[in-house]
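The values are calculated or read from the model by the stated rules, or taken from the named source; none is laboratory data. Owing to the predicted nature of the structure, the values given are computational and were not obtained by experimental measurement. Quick reminder, even Gly has a Cβ in these numbers, built from the backbone with ideal geometry, and neighbours come from all protein chains shown.
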Amino acid sequence: MTLKENLERAKWPITFFLVAILMTTLWQHFIGVPQSRRQYIAFYKKDIRNGTLNYVYASNGGTRIKIDGVNEVFTFYPDYADYNLSFASIAEVGDIVIKPSRTDTIILVHHRKEYRFTFEKLVPGYQIPE
């Protein structure tokens, strides 16, 4: 087989690969980033006082929590540098969560000990609307 024939045969897999990369990039830009922004704003603005955790799940660096009596499931990306443990590895159903509105810190009360976690601002430079 000649080089020209090999290149001709490889054209479709290469084209498919490039289209897949393009579609993934477009999805992330138009769907992923706006969704992450909405989740961040909802969590940032929420005022949680002595909320009881009834759901904790971690995946892909993010953590999803559900607070008893609150209809929303919150997704956030906590920083765990201070404890060398992730929020989800410490938190258990029944633990207390405190997060004042418009702060980037969540306090987890686990077995009467307080753990403070800051969470990442997913869209650097983005100003939170009032």
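Only a single item in (1) at pLDDT 80 or above; (2) surrounded by 12 or more Cβ atoms within 10 Å (Cβ to Cβ) is not met by SER36, and it is number (1). With the structure loaded, tell me whether THR24 is assigned to a helix (DSSP H, G or I) and either touching a residue at least 40 places away in the same chain (Cβ under 8 Å) or surrounded by fewer than 12 Cβ atoms within 10 Å (Cβ to Cβ) (or both) or whether it fails that test. Here the answer is yes, as THR24 does meet what is asked.
Give me a count of the residues in the range 41-64 that are outside any helix (DSSP H, G or I), hydrophobic (A, V, I, L, M, F, W, C) and out of contact with any helix residue (DSSP H, G or I) (no Cβ under 8 Å at 6 or more places or on another chain). Residues meeting the conditions: 2. Answer yes or no: is there a residue in the range 55-68 that is surrounded by 10 or more Cβ atoms within 10 Å (Cβ to Cβ) and more than 19 Å from the chain's Cα centre (by Cα). Scanning the range 55-68 turns up at least one residue that is surrounded by 10 or more Cβ atoms within 10 Å (Cβ to Cβ) and more than 19 Å from the chain's Cα centre (by Cα). Considering only residues in the range 90-103 that are buried (at least 16 other Cβ atoms within 10 Å of the Cβ) and not aliphatic (A, V, I, L, M), the one that is modelled with the highest pLDDT turns out to be ASP95.
If a residue has to be within 16 Å of PHE43 (Cα to Cα) and either among the polar types (S, T, N, Q) or in contact with a helix residue (DSSP H, G or I) (Cβ under 6 Å, 6 or more places away or on another chain) (or both) to count, how many in the range 71-120 make the cut? Here the count works out to 10.
Residues of the range 55-78 that are within 17 Å of ILE98 (Cβ to Cβ) and either among the small types (Gly, Ala, Ser) or touching a residue at least 40 places away in the same chain (Cβ under 8 Å) (or both): GLY69, PHE76, PRO78.
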